[in-house]
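Notes to accompany the following structure.
The values are calculated or read from the model by the stated rules, or taken from the named source; none is laboratory data. Computed from a predicted model, the values in this text were never measured in an experiment. Positions of Cβ are generated from backbone atoms using ideal geometry, with glycine treated the same way; all protein chains shown enter the neighbour counts. Surface accessibility is based on the protein's heavy atoms, side chains included, excluding ligands, DNA and RNA. Shrake-Rupley method; radii C 1.70, N 1.55, O 1.52, S 1.80 Å.
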Amino acid sequence: VSPLSPINANLKERTRRVCVNSFKELDAISVQGTSRKQNEDRYLVEDGTDAGYQTIAAVFDGHGGNATAEWLKVNFSKYVAKFWQETYSPEAAMTEAFLAADRRILTPKKGFMGMVGERGIGGSKCGATGAVAITYQDENGMPYIMAANAGDARVVLGGKDGVIQMTVDHVPDSE
């Protein structure tokens, strides 16, 4: 795959990878809006060497509350690790992680309250966008950064030569 080329047709606007020489710094910025009583953003940065990749960094922007973003902060990397070890393709692993997390988030609660109450993590009005970047080496030892997103959160890669927006916002108008 050439740098910045789409990985596959189904994810061409959501998943990209770039060959890199090194991964030196990572920044996350979260600003609470004026209309919210609390900041609904969550982020994670974790070592992934046990799972087969180097680092995962993600930002989850909560909508309608922070429950979904908080759940993703705690659990999303577990889905990535699971599928990273089960598949030969980093792109497939990331795709499956997003889909599996989405299914879990939307699963109704168990018991009687699950039948009559709100569905999923945080209820029917709660959700989150996500922007994820993973550093890894391919089978030849070549280092890569792969990025994916769901919603209007984005991954931007900055370096001495400038800035590259690695993902394209996924908004209703683009469907």
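Laid out as a table, the results:
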read-out: FRET efficiency estimate (nearest 0.05) - Cβ-Cβ, Q38 to T87, R0 30 angstrom; value: 0.25
read-out: Amide H contacts under 5 Å for A128, placed H, 5+ residues apart; value: H63
read-out: Phi-based couplings in Hz for region 82-93 (Karplus 6.51, -1.76, 1.60; Gly and Pro marked x); value: 4, 6, 4, 7, 8, 10, 8, 10, x, 5, 5, 4
read-out: Residue-level accessible surface for T135, protein heavy atoms, 1.4 Å, Å²; value: 10
